[in-house]
Amino acid sequence: MFDPHDPLAIDDLLTDEDRAVRATVRQWAADRVLPHIAEWYESGSLPGIRELARELGSIGALGMQLTGYGCAGASAVQYGLACLELEAADSGIRSLVSVQGSLAMYAIHRFGSEEQKQRWLPGMAAGEIIGCFALTEPDHGSDPAGMRTFAKREAGGDWVLTGRKMWITNGSVAGVAVVWAQTEEGIRGFVVPADSPGLSAPEIKHKWSLRASVTSELVLDEVRLPADAVLPEAVGLRGPLSCLSHARYGIVWGSMGAARTCFETALDYAKTREQFGRPIGGFQLTQAKLADMAVELHKGILLAHHLGRRMDAGRLRPEQVSFGKLNSVREAIEICRTARTVLGANGISLEYPVMRHATNLESVLTYEGTVEMHQLVLGKALTGIDAFR
Ligand SMILES: Cc1cc2nc3c(=O)[nH]c(=O)nc-3n(C[C@H](O)[C@H](O)[C@H](O)COP(=O)(O)OP(=O)(O)OC[C@H]3O[C@@H](n4cnc5c(N)ncnc54)[C@H](O)[C@@H]3O)c2cc1C
């Protein structure tokens with residue numbers, strides 16, 4: 001039988017365990033996010049973020065794909081399904097989880113010393129400690145190689161960090177920051193406890209997107225760290241870029257969650273809203289919109305599954321992640337914008353989720369590599385010519 005919610009029968013690809021993970025995360029979002037999200041969005045805040053983080057930790061959603069140190073050791077497909085369900089509620093909640101697990105925890109897990117892993121990861125997996133990942137600066141976003149934050153090595157071995165980071169998700173609520181800085185030996189990553197003297201994290205206000213997400217500057221004013229604060233295994237941009245590749249993979253799935261909510265809202269609305277004496281879903285122009293939305297939504301989910309299987313097999317290439325991020329977010333935002341038109345004036349109201357998702361996706365389109373950056377990655381892979389500069 002044709003299922004309008006799963007027209008390609010993609011669910012057939014899932015194992016029982018995959019379904020169980022998905023059901024747990026979906027239920028958590030339904031109980032803890034959906035009843036409040038419009039209010040949080042309107043107020044531009046995420047009250048109770050620490051409690052939310054602990055609950056996300058208790059369902060195994062933080063550092064989900066990592067192994068050991070209290071992490072769930074889930075598959076890439078399961079992590080993707082979780083991202084989809086979280087972002088079906090709100091991109092801000094998925095961002096909290098992505099930054100915690102795929103950026104901050106992943107950096108420590110992959111590049112950290114055993115001591116750093118023992119000290120930070122169990123608390124982060126449990127949601128007791130929130131992490132952030134500081135790469136972007138006011139003058140260096142798409143081109144992080146030019147970053148100015150500098151870590152100077154002192155004679156005794158201490159590091160002293162000075163600089164400014166911008167647009168840092170979870171910044172002002174974080175207990176620990178993974179900060180990337182220039183050093184004499186290239187770009188290095190540092191694990192910086194939030195109570196380090198000289199570190200401050202003023203919150204960025206007045207956002208019209210990702211309003212239910214904490215975004216901050218990080219100001220580092222001669223922050224002194226011990227010699228062992230550096231991530232020993234990360235030298236050069238390769239370190240932060242591999243973390244970003246992991247987080248982008250989650251976005252391939254997550255953005256389809258936002259798109260799913262908008263599509264389903266539009267489908268319901270089209271079946272019940274009447275104009276000219278019949279449901280608007282009975283007009284051919286509305287059906288064309290719904291058909292096109294469904295095609296892109298389920299193609300996108302299928303692509304996410306494909307990339308997830310490749311990641312589980314250890315065969316996912318960064319160019320393939322760029323392919324997925326470029327396609328998913330671009331199509332998701334288009335689906336949300338089209339859904340908004342189906343809802344007419346109601347489309348702009350917070351009583352419906354579509355405008356919230358559409359404006360959230362404006363950030364998702366930009367962070368973790370803009371559309372143009374992923375086009376350049378693919379362009380380089382296709383032609384063999386580097387057109388970045
Ligand atoms: C809500 C939010 C949360 C974020 N969270 C984090 C976080 O937790 N940690 C973090 O480190 N960063 C974070 N970011 C920052 C994000 O990663 C950057 O905004 C992104 O990398 C783009 O950098 P930029 O904004 O400086 O834009 P720019 O790099 O200045 O780009 C501006 C425009 O120029 C285009 N452009 C740049 N170079 C080229 C080129 N060579 N060819 C063609 N076009 C080009 C870009 O594609 C873009 O359209 C966040 C951003 C937002 C909005």
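The values are calculated or read from the model by the stated rules, or taken from the named source; none is laboratory data. If you're wondering where the values come from, they're calculated on a predicted model, not measured in any experiment. FYI the Cβ positions are ideal-geometry reconstructions off the backbone, even for glycines, and counts take in every protein chain you see.
Worth pointing out:
- Out of S172, S196, one residue alone is within 15 Å of the ligand (Cβ to nearest atom), hydroxyl-bearing (S, T, Y) and not assigned by TED's automatic domain parsing to the domain that holds R50. It is S172.
- Selection of first residues in the stretch 363-389 that are in contact (Cβ under 8 Å) with a residue 60 or more places away in the chain and of second residues that are more than 7 Å from the ligand (Cβ to nearest atom), restricted to Cβ pairs under 6 Å at least 6 apart or on distinct chains, gives the following pairs, ordered by first then second residue: V364/S91; V364/S255; V364/V329; E368/L244; E368/A247; E368/R248; E368/I251; A381/E319.
- Residue pairs meeting the criteria (Cβ under 6 Å; at least 6 apart or on separate chains; first basic (K, R), in the stretch 159-179; second part of a strand (DSSP E or B) and more than 10 Å from the ligand (Cβ to nearest atom)): R164/V219
- Residue tally, condition away from the ligand (no atom under 16 Å from the Cβ) and either assigned by TED's automatic domain parsing to the domain that holds R54 or among the β-branched types (V, I, T) (or both), over the stretch 130-168: 2
- Answer from G189, G239, G250 - the residue that is small (G, A, S), buried (at least 24 other Cβ atoms within 10 Å of the Cβ) and assigned to a helix (DSSP H, G or I): G250
- Selected residue [away from the ligand (no atom under 14 Å from the Cβ) and either acidic (D, E) or assigned by TED's automatic domain parsing to the domain that holds G44 (or both)] from E264, E217: E264
- Residue within the stretch 308-326 that is over 26 Å from F133 (Cβ atoms) and outside the structural domain of R22 (by TED's automatic domain parsing) present: yes
- Subset of the stretch 66-88 [in contact (Cβ under 8 Å) with a residue 60 or more places away in the chain and either part of a loop (DSSP other than H, G, I, E, B) or not acidic (D, E) (or both)]: S75, A76, V77, Q78, Y79, G80, L81, A82, C83, L84, L86, A88
- For the stretch 315-389, the helices (runs of 4 or more DSSP H) that sit wholly inside it and include 1 or more residues that are closer than 16 Å to L267 by Cα are 318-342, 354-366.
- The selection criterion, being within 16 Å of the ligand (Cβ to nearest atom), modelled with pLDDT of 95 or more, basic (K, R) and outside the structural domain of Y79 (by TED's automatic domain parsing), holds for R356.
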